[in-house]
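Trainee: Have a look at the structure that comes next, please.
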Amino acid sequence: MNLKGRHFLTLLDYKPAELKEIIDLAIKMKSGKVVKKLPEKTLGMLFQKPSTRTRISFEAGMTQLDGHAIYLDFRTTQLGRGETISDTSKVLSRYCDILMARLYKQTDIIELANASSIPVINALTDLYHPCQTMADMMTVVEKKGSLDGLKITFFGDCGFNMCNSTIIGFSKLGADVVAVCPDKDIYMPNPEILNAAKKQAVGSISVEHDVIKGAEDADVIYTDTWVSMGQEDAEQRIKDLEPYQVNTKLVGHANKDVLVMHCLPAHRGNEITDEVIDGPHSIVFDEAENRLHVQKAIMVALLGV
Ligand code: CP
Ligand code: NVA
């Protein structure tokens with residue numbers, strides 16, 4: 001595998017074999033079987049939205065690799081005073097070895113990447129959250145051996161970053177993905193992304209509105225917040241999405257060894273109940289931990305070390 005110098009903006013840009021190799025490397029680095037280091041390498045981390053897991057896992061990951069990470073945001077850099085993303089990117093490329101960015105618009109991260117002479121990693125945009133999906137796929141591989149033929153059902157807001165990346169990533173690695181949401185455009189998967197994902201899928205992709213049908217025979221149940229960062233009309237969204245809550249009754253329709261996943265942060269009592277997130281099927285903290293491991297592998301791969 002040679003991913004040196006590549007950007008990591010969407011899983012659509014990567015072949016199944018490339019994603020599998022990164023996950024394999026992450027599992028080996030996690031166990032200590034493979035040791036990689038990035039001495040004297042600097043990661044620039046640019047945030048336009050808040051974060052707990054992403055910031056800490058990238059920063060701690062870089063520490064563990066003997067590199068260094070620098071936190072940057074729009075408020076305390078000249079970006080807040082109107083310096084362009086592309087000028088910023090050209091400058092950061094002169095100081096850093098790799099960048100990650102959490103921005104609202106995918107077009108902005110593309111602008112950042114186009115102006116950059118070093119790899120850029122998407123740490124969440126409105127459209128995608130590829131690092132989260134890599135951690136999620138790694139976690140399911142650890143628990144089930146592979147994703148081949150597994151049914152993964154995503155409940156709730158299927159029109160935003162987390163469902164988009166779940167559809168693309170899991171179907172590429174052979175899982176059958178079902179997106180279960182209200183029959184309203186804003187909650188449905190983006191048609192362009194759905195088509196692009198279907199063209200590349202190894203497993204199947206379908207959209208469903210019936211929660212029971214979605215849950216039946218599911219090997220993995222996934223959910224995310226009903227009100228993502230930057231979304232408005234919280235009250236209406238909560239009302240519309242309430243029937244899609246992941247609760248004990250819903251989980252009861254799935255396979256008996258179903259894995260329950262959530263990228264976190266969770267809004268307990270909305271998209272997922274305490275009983276489920278703290279229950280025996282939940283693997284949410286394993287997913288969170290694997291952000292650290294898989295992102296270390298992504299940085300090692302993009303830096304060609
Ligand atoms: N899952 C995730 O990306 O969490 P943060 O928003 O805390 O980074
Ligand atoms: N969909 C959520 C994911 C948070 C990690 C958001 O964008 O807020």
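The values are calculated or read from the model by the stated rules, or taken from the named source; none is laboratory data. Bear in mind that the values here come from a model prediction, so they are computed numbers and not experimental data. Heads up, the Cβs are rebuilt from the backbone with ideal geometry, glycines too, and the neighbour counts pull from every protein chain shown. Side chains included, ligands, DNA and RNA excluded: accessible areas come from the protein's heavy atoms. Shrake-Rupley method; radii C 1.70, N 1.55, O 1.52, S 1.80 Å.
Trainee: Do the alpha carbons of any pairs in LYS37/LYS90; LYS41/LYS296; LYS30/LYS198; LYS49/LYS144; LYS30/LYS105; LYS20/LYS213 sit beyond 23 Å of each other, and which pairs?
Mentor: LYS37/LYS90; LYS30/LYS198; LYS49/LYS144; LYS30/LYS105; LYS20/LYS213
Trainee: Moving on. Mind listing P(r) for the chain? All alpha-carbon pairs, 10 Å bins, whole percents.
Mentor: With 10 Å bins starting at 0, P(r) equals 6, 29, 35, 22, 7, 0.
Trainee: Sort 168-175, 201-208 by packing, meaning the average of other beta carbons within 10 Å per residue, with the highest value first.
Mentor: Answer by packing, highest mean first, reads 168-175, 201-208.
Trainee: Roughly how tilted is helix 191-200, in degrees to the nearest 10 and between 0 and 90, from the longest Cα axis of the chain?
Mentor: Once rounded, one gets 80 degrees.
Trainee: Can you tell me the orientation of helix 85-95 relative to the chain, as the angle in degrees between its alpha-carbon axis and the longest Cα principal axis, to the nearest 10?
Mentor: Result, in degrees: 60.
Trainee: Rounded, prolate or oblate: which fits the range 159-277 when a ≥ b ≥ c are the square roots of the eigenvalues of the alpha-carbon gyration tensor, with rounded for a/c under 1.5 and prolate only if a/b beats b/c?
Mentor: oblate
Trainee: Given the rule -39500 (n - 2.57) for each run of at least 4 DSSP H residues, summed and divided by the residues of the chain, what is its mean residue ellipticity at 222 nm, to the nearest 500 deg cm²/dmol?
Mentor: Estimated from H runs of four or more residues: -12500 deg cm²/dmol.
Trainee: If you roll a 1.4 angstrom probe over the protein chains with everything in place, what fraction of the accessible area of the chain belongs to carbon and sulfur, to the nearest %?
Mentor: On the chain, the fraction of accessible area on carbon and sulfur atoms equals 49 percent.
Trainee: Is the range 116-204 rounded, prolate or oblate when judged by the Cα gyration tensor, a ≥ b ≥ c being the square roots of its eigenvalues, rounded requiring a/c under 1.5 and prolate requiring a/b larger than b/c?
Mentor: Verdict is oblate for the range 116-204.
Trainee: Something else about it: According to the square roots a ≥ b ≥ c of the eigenvalues of the Cα gyration tensor, what is the shape class of the range 198-257, taking rounded for a/c under 1.5, prolate for a/b larger than b/c otherwise, and oblate for the remainder?
Mentor: Taking the square roots of the gyration eigenvalues as a ≥ b ≥ c, the range 198-257 is oblate.
Trainee: Taking the Cα centre of the range 208-282 as the origin, how large is its charge dipole in debye, to the nearest 20, when only Lys and Arg (+1) and Asp and Glu (-1) carry charge on their Cβ atoms?
Mentor: In total the dipole reaches around 140 debye.
Trainee: Roughly how many Å² is the accessible area per residue of the chain, as a whole number, for a 1.4 Å probe?
Mentor: That works out to 43 Å² per residue.
Trainee: Using a 1.4 angstrom probe and counting only protein chains, how large is the accessible area of ASP176 in Å², to 10?
Mentor: Roll a 1.4 Å probe over it and ASP176 shows about 50 Å².
Trainee: Sorted by accessible area (1.4 Å probe), largest first, how do GLU289, GLU242 line up?
Mentor: Accessible-area ranking of GLU289, GLU242, largest first: GLU242, GLU289.
Trainee: Here's a follow-up. Can you give the angle from 0 to 90° between the axis of helix 161-172 and the longest principal axis of the chain, with both taken from C-alpha atoms, to the nearest 10?
Mentor: 80 degrees
Trainee: To continue, here is another question. Which whole-number percentage describes the relative contact order of the chain, with Cα contacts under 8 Å and a sequence gap of 6 or more?
Mentor: For the chain, the relative contact order is 21 percent.
Trainee: So for the range 65-178, averaging the separation of alpha carbon pairs under 8 Å that are six or more residues apart and normalising by length, what relative contact order in percent results?
Mentor: Relative contact order of the range 65-178: 19 percent.
Trainee: Work from the charge dipole of the range 116-196 (Cβ charges, +1 for Lys and Arg, -1 for Asp and Glu, about the Cα centre) and give the residue of ALA179, GLY149, CYS163 farthest towards its positive end.
Mentor: GLY149
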